[in-house]
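Asks: Could you have a look at this structure, given as structure tokens, before my questions?
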Amino acid sequence: MEKILTRNWGKESSHTLEVYLRDGGYEALRKALREFEPRALIDEIKKSNLRGRGGAGFPMGQKMSFVPRGTGKPVYLCVNADESEPGTFKDRYILERDPHMMIEGALIACYAIGAQQVYVYIRGEFRQQARILDGAIREAYQGGFLGRNILGNGFDLDMYWHTGAGAYICGEETGLLESLEGKKAWPRLRPPFPAVAGLYNFPTLIHNVETLACLPHIVARGGEWFAKLGVEKNGGTKIYGLSGHVREPGLYELPMGIKLRELIYQHGGGIRGGRQLKGVIPGGASCPILRAEEIDVEMDFDALQKIGSMFGTGCPVVMDETTCMVEAAYSVAKFFAHESCGQCTPCREGAEWIRKIMHRILNAQGRPDDVDHMLDLCDNIQGKTICALGDAAAMAARGFLRKFRDEFEFHVRHGRCELS
Ligand SMILES: Cc1cc2nc3c(=O)[nH]c(=O)nc-3n(C[C@H](O)[C@H](O)[C@H](O)COP(=O)(O)O)c2cc1C
């Protein structure tokens, strides 16, 4: 299959403007500025069926059309480069290996919505990527792709980067905005949505790094072409990040909608040590786990939702038969309890309560009603918080409890794992 987002990755100095320009870099921007009115550009993006790669899968073109125009107010684009979802490791490689693809995508998005400034909110730990991005932004200014009167088309744009504050919640779009404004990253109530009232209360489009990197290709080769690379309502290719007990973990650029089985067994080389598959978290820790017999599902937002899970960031974590699912569930529960920002009581108290119960089950102190108690806690968190962190904590825990209930019950009854 033709590589699109990762086409430059193997090349020497792939992060430089020189290499990016060699293969037609910034030509899509030129085309967008010359051939498209902003509204027509948004229509082209709608045709592509591109859905956000940050986890929620909202259609990009539709989100762009929510940004009000001609109000005289500043309009911003925020690039979400926080990449805080456990198991997810794709955006950092785009920034490291081909930052200009994201920069060009951001420029195209800004032209479409009438934004004059871009803020790239990059995870604090990504020091190397921030250094590379900084160099790429400087090169783009020097090359006339950022700054005033870009490519002689009267389009002005400035780009800044800002390091994140080291918490999962900083990747949640409204937590990100608060953090960028210098405040504690407590998510905001919606509506109003950021597209209407975002950064400093002005219209703001927020997109993931990978989502933006798709735009130059949509402009260069057309929305329909992009849509056809994937499946219905899920256009394009995806950088899947495969980790866990596979022979060849790593990043694989493949079409949206490929089978999870194909990703694990054909591309990832199957389960390490010839063992049996036990479960897979399909797209980051927030997504409910699947059992081995469910992996004939297509990797797209709709197919995974239909079977009660989520596509998330498209980065599956694979677990083989030696995995204690109670331990795995505890590790996920611990993450959410630690990362709950504390603003909403159901998430703050509930996530920690689930963690504590899982901890006591693991330590041979489980009680007969613990599983039902945790399921009840999940019902009292999900849908009752300002942001989706609470939903994620509940959905992830419920996934483990429902799919591997027998293992939890074995632990409670015998005070040990059936594998030990
Ligand atoms: C707790 C939490 C953490 C999140 N972390 C990230 C993140 O690190 N990176 C990201 O792109 N989106 C993250 N998101 C999703 C964003 O809120 C938002 O949906 C996304 O940036 C929109 O971009 P997209 O439409 O391109 O996916 C997170 C959401 C939640 C609820």
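Asks: Collect the residues in region 241-256 that are under 21 Å from the mean Cα position of the chain (by Cα) and either in a strand (DSSP E or B) or buried (at least 21 other Cβ atoms within 10 Å of the Cβ) (or both), keeping them in residue-number order. Steps first, please.
Replies: Within region 241-256, the subset under 21 Å from the mean Cα position of the chain (by Cα) is 241-244, 249-256.
Residues satisfying the conditions are G241, L242, S243, G244, G250, L251, Y252, E253, L254, P255, M256.
Asks: Only residues that are more than 20 Å from R188 (Cα to Cα), surrounded by fewer than 19 Cβ atoms within 10 Å (Cβ to Cβ) and more than 22 Å from the chain's Cα centre (by Cα): list them for region 325-351, please.
Replies: E327, the sole residue that qualifies.
Asks: Would region 196-205 turn up any residue that is in contact with a Phe, Trp or Tyr (Cβ under 9 Å, 6 or more places away or on another chain), crowded, with 24+ Cβ neighbours inside 10 Å and part of a strand (DSSP E or B)?
Replies: Restricting attention to region 196-205, the residues satisfying the condition of being in contact with a Phe, Trp or Tyr (Cβ under 9 Å, 6 or more places away or on another chain) are 196, 198-200, 202-205.
In the following step, the residues that additionally are crowded, with 24+ Cβ neighbours inside 10 Å were identified as 198, 203-205.
Subset that is part of a strand (DSSP E or B): 204-205.
Checking region 196-205: at least one residue is in contact with a Phe, Trp or Tyr (Cβ under 9 Å, 6 or more places away or on another chain), crowded, with 24+ Cβ neighbours inside 10 Å and part of a strand (DSSP E or B).
Asks: Among the residues of region 133-157, which ones are in contact with a Lys or Arg (Cβ under 9 Å, 6 or more places away or on another chain) and either farther than 21 Å from A28 by Cβ or acidic (D, E) (or both)?
Replies: D156
Asks: From the residues in region 155-183 that are more than 14 Å from the ligand (Cβ to nearest atom) and free of Cβ contacts under 8 Å to residues at least 40 places away in the same chain, which one is surrounded by the fewest Cβ atoms within 10 Å (Cβ to Cβ)?
Replies: Among them, the one singled out is G182.
Asks: Right, next: Scan region 337-392 residue by residue and report those that are without any contact (Cβ under 8 Å) to a residue 40 or more places away in the chain and on the phi > 0 side of the Ramachandran plot.
Replies: If the condition is that a residue be without any contact (Cβ under 8 Å) to a residue 40 or more places away in the chain and on the phi > 0 side of the Ramachandran plot, then G342, G383 are the ones that fit.
Asks: Of all residues in region 267-322, count the ones that are of a type outside the set (D, E), assigned to a loop (DSSP other than H, G, I, E, B) and under 24 Å from K233 (Cβ atoms). Before you say what the answer is, go through the steps one by one.
Replies: Initial filter on region 267-322 (of a type outside the set (D, E)): 267-292, 295, 297, 299, 301, 303-319, 322.
Subsequent filtering for residues that are assigned to a loop (DSSP other than H, G, I, E, B) retains 268-270, 275-276, 282-289, 295, 297, 299, 307-316, 322.
Pick out the ones that are also under 24 Å from K233 (Cβ atoms) and you get 282-284, 286-288, 295, 297, 299, 307-316.
Final tally of qualifying residues: 19.
Asks: Please go through region 76-117 and pick out each residue that is within 11 Å of the ligand (Cβ to nearest atom) and assigned to a loop (DSSP other than H, G, I, E, B).
Replies: D82, E83, S84, E85, P86, T88, K90
Asks: Something else now. Does region 273-317 hold any residues that are buried (at least 16 other Cβ atoms within 10 Å of the Cβ) and of a type in the set (D, E, K, R), and which are they?
Replies: The answer is K278, E294, E298, D300.
Asks: Can I ask one more? Filtering region 38-57 down to residues that are among the hydrophobic types (A, V, I, L, M, F, W, C) and within 25 Å of N153 (Cα to Cα), which residue is nearest to the ligand (Cβ to nearest atom)? So that I can check it myself, show each step before the final result.
Replies: From region 38-57, those among the hydrophobic types (A, V, I, L, M, F, W, C) are 40-42, 45, 50, 56; that's our starting set.
Imposing the further condition that a residue be within 25 Å of N153 (Cα to Cα) reduces the set to 40-42, 45.
On the way: A40: 21, L41: 17, I42: 14, I45: 12 Å.
Of everything passing the filter in region 38-57, I45 is nearest to the ligand (Cβ to nearest atom).
Asks: Further question: Kindly indicate which of M60, M1, M64 is within 27 Å of Q305 (Cα to Cα), surrounded by fewer than 17 Cβ atoms within 10 Å (Cβ to Cβ) and either of a type outside the set (D, E, K, R) or more than 16 Å from the ligand (Cβ to nearest atom) (or both).
Replies: M1
Asks: Step by step: first the residues of region 206-235, then only those that are in contact with a strand residue (DSSP E or B) (Cβ under 8 Å, 6 or more places away or on another chain) and small (G, A, S), then the one that is surrounded by the fewest Cβ atoms within 10 Å (Cβ to Cβ). Which residue is that?
Replies: Across region 206-235, the extreme among qualifying residues is G230.
Condition check ((1) farther than 25 Å from I169 by Cα; (2) in contact (Cβ under 8 Å) with a residue 12 or more places away in the chain) across all residues:
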site: E27; (1), (2): yes, yes
site: R34; (1), (2): yes, yes
site: E37; (1), (2): yes, no
site: G52; (1), (2): no, yes
site: K63; (1), (2): no, yes
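Each value in this text was obtained by applying a stated rule to the coordinates, not by laboratory testing. Quick caveat, the model's predicted, so the values are computed rather than measured. In this analysis, Cβ positions are derived from the backbone assuming ideal geometry, glycine residues included, and neighbour counts consider all displayed protein chains.
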